[in-house]
């Protein structure tokens, strides 16, 4: 498989957790096509322990987990196994999955049966609901984000320009020589599958056409600040801003399209502000446009937006995996592209893809909020390539 060409950093974490004597349910979350299944199979191949990998795709019977679990218990008893690893993929597809897992896990703990459990899911919202409701204190989470520039360069020899435009889905990387085929793959196998299987089939969405149109427009405006009220004018049967905000949350939980709120010092004011739309992977922006890779590079204004979207994607993926809060800041005519917040520390970040290196917004922000550091990416600051090879958590 393509993903076998590199080892993602989460692999080491999973392997060490499985090998240690302390036992927790390992929950691996992440968007489709980022290598969750491949990583787990790699770890299973490297660990000398009996294991079973099953997928819950197309399973609708909640008793399926009980039957699967009992079969693993029987196998351990018959073969006199001291431990076994059971992996269940697409766990969110099963009704009331968390209640079943809790009951069975607690029975094994009481009986001192060392059946180790790994759960995989591509819908962060549905998985986390089950974890918080039923499995508190019983699990650890590993979140796998979209691939980084460093990973795409190592695995597929992507240039910086290719990464900015074609993004970071490993399964599509070998198709970029035929751009129309690449766009079709991203739209059909990634976007449509995620929306139909991870959102519409598993969550109540009263206006699916509205959600899909919101996603299209959100990608089109990626990197731009846009009030929901203004967006209503571009949507038919739009309902209200609360509905749109909820749909953005669903798209974000599936690793497609997120929102970056304005930094305003208080959570209430931040959530009430105009959001900046942000794709989690720039291929989601490119695949839905008529222009080509070559066309985009010849248009400085459009290319600048792609560069900022690539930086934003790098940051919001880190917000999920590393607990970094990402904002933008604007007051009157002054603006800072990104504000990073972690452990009450702030970093102001301005992106420049052209010759203009002015960063007046950072100076204004510094006077008000005194961040730990201010960074210019592009221009006379860090190069875009340098920044995309740095983990955002290492900036603090």
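The values are calculated or read from the model by the stated rules, or taken from the named source; none is laboratory data. These numbers come from a predicted model, not from an experiment. For neighbour counting, all protein chains shown are included, and Cβ atoms are generated from backbone atoms with ideal geometry for every residue, glycine included.
Considering (1) closer than 24 Å to residue 255 by Cβ; (2) assigned to a loop (DSSP other than H, G, I, E, B), say which one residue 305 fails and leave the rest. Among (1) closer than 24 Å to residue 255 by Cβ; (2) assigned to a loop (DSSP other than H, G, I, E, B), the lone unmet condition for residue 305 is (2). With the structure loaded, tell me whether residue 357 is closer than 16 Å to residue 161 by Cα and either out of contact with any helix residue (DSSP H, G or I) (no Cβ under 7 Å at 6 or more places or on another chain) or modelled with pLDDT of 95 or more (or both) or whether it fails that test. The answer is no for residue 357.
Highlighted here are the helices (runs of 4 or more DSSP H) found entirely within segment 1-98 that include at least 3 residues which are free of Cβ contacts under 8 Å to residues at least 60 places away in the same chain, over 29 Å from residue 151 (Cα atoms) and not assigned by TED's automatic domain parsing to the domain that holds residue 284: 64-78. The set of residues in segment 190-216 being without any contact (Cβ under 8 Å) to a residue 60 or more places away in the chain, surrounded by 15 or more Cβ atoms within 10 Å (Cβ to Cβ) and over 17 Å from the mean Cα position of the chain (by Cα) consists of 200, 205, 207, 210, 211, 212, 213, 214. Scanning segment 85-97 for residues that are buried (at least 19 other Cβ atoms within 10 Å of the Cβ) and more than 12 Å from residue 54 (Cα to Cα) yields 92, 93, 94, 97.
What do you reckon, is residue 113 outside the structural domain of residue 257 (by TED's automatic domain parsing), assigned to a loop (DSSP other than H, G, I, E, B), in contact (Cβ under 8 Å) with a residue 40 or more places away in the chain and in contact with a helix residue (DSSP H, G or I) (Cβ under 8 Å, 6 or more places away or on another chain)?
Numbers: outside the structural domain of residue 257 (by TED's automatic domain parsing): yes; assigned to a loop (DSSP other than H, G, I, E, B): yes; in contact (Cβ under 8 Å) with a residue 40 or more places away in the chain: yes; in contact with a helix residue (DSSP H, G or I) (Cβ under 8 Å, 6 or more places away or on another chain): yes.
Against the criterion (outside the structural domain of residue 257 (by TED's automatic domain parsing), assigned to a loop (DSSP other than H, G, I, E, B), in contact (Cβ under 8 Å) with a residue 40 or more places away in the chain and in contact with a helix residue (DSSP H, G or I) (Cβ under 8 Å, 6 or more places away or on another chain)), residue 113 qualifies.
For the criterion of being touching a helix residue (DSSP H, G or I) at 6+ places or on another chain (Cβ under 9 Å), crowded, with 24+ Cβ neighbours inside 10 Å and not in a helix (DSSP H, G or I), residue 278 passes. Hey, any hits in segment 318-329 for a residue that's in a helix (DSSP H, G or I) and modelled with pLDDT of 90 or more? Scanning segment 318-329, I find at least one residue that is in a helix (DSSP H, G or I) and modelled with pLDDT of 90 or more, so the answer is yes.
Being at pLDDT 95 or above and either in contact with a strand residue (DSSP E or B) (Cβ under 7 Å, 6 or more places away or on another chain) or not in a loop (DSSP other than H, G, I, E, B) (or both) narrows it down to one of 213, 181, so name that one.
181 is the lone residue from the list that is at pLDDT 95 or above and either in contact with a strand residue (DSSP E or B) (Cβ under 7 Å, 6 or more places away or on another chain) or not in a loop (DSSP other than H, G, I, E, B) (or both).
Residue 23: buried (at least 21 other Cβ atoms within 10 Å of the Cβ) and either at pLDDT below 95 or closer than 30 Å to residue 167 by Cβ (or both), yes or no? No. Applying the condition of being closer than 20 Å to residue 305 by Cα and over 20 Å from the mean Cα position of the chain (by Cα) to segment 231-262 and asking which residue is modelled with the lowest pLDDT yields 231. Looking at this structure, is residue 336 in a helix (DSSP H, G or I) and surrounded by 20 or more Cβ atoms within 10 Å (Cβ to Cβ)? Against the criterion (in a helix (DSSP H, G or I) and surrounded by 20 or more Cβ atoms within 10 Å (Cβ to Cβ)), residue 336 does not qualify. Out of 154, 140, 179, one residue alone is touching a helix residue (DSSP H, G or I) at 6+ places or on another chain (Cβ under 7 Å), exposed (fewer than 15 other Cβ atoms within 10 Å of the Cβ) and in contact (Cβ under 8 Å) with a residue 12 or more places away in the chain. It is 140.
Evaluated against (1) buried (at least 18 other Cβ atoms within 10 Å of the Cβ); (2) over 25 Å from residue 50 (Cα atoms); (3) touching a helix residue (DSSP H, G or I) at 6+ places or on another chain (Cβ under 7 Å), residue 119 falls short on exactly one condition, (2).
Across segment 131-167, what is the total count of residues that are at pLDDT 95 or above, within 29 Å of residue 87 (Cα to Cα) and outside any helix (DSSP H, G or I)? Selection size over segment 131-167: 3. For residue 261, all conditions in the list (1) in contact (Cβ under 8 Å) with a residue 40 or more places away in the chain; (2) more than 19 Å from residue 362 (Cα to Cα) hold save one; what is the number of the exception? The failed condition is (2). Do the conditions hold for residue 128, that is, is it surrounded by fewer than 21 Cβ atoms within 10 Å (Cβ to Cβ), out of contact with any strand residue (DSSP E or B) (no Cβ under 7 Å at 6 or more places or on another chain) and closer than 22 Å to residue 87 by Cα? Yes, satisfied. The conditions of being under 18 Å from residue 394 (Cβ atoms) and either surrounded by fewer than 20 Cβ atoms within 10 Å (Cβ to Cβ) or not assigned by TED's automatic domain parsing to the domain that holds residue 265 (or both) are met by residue 347.
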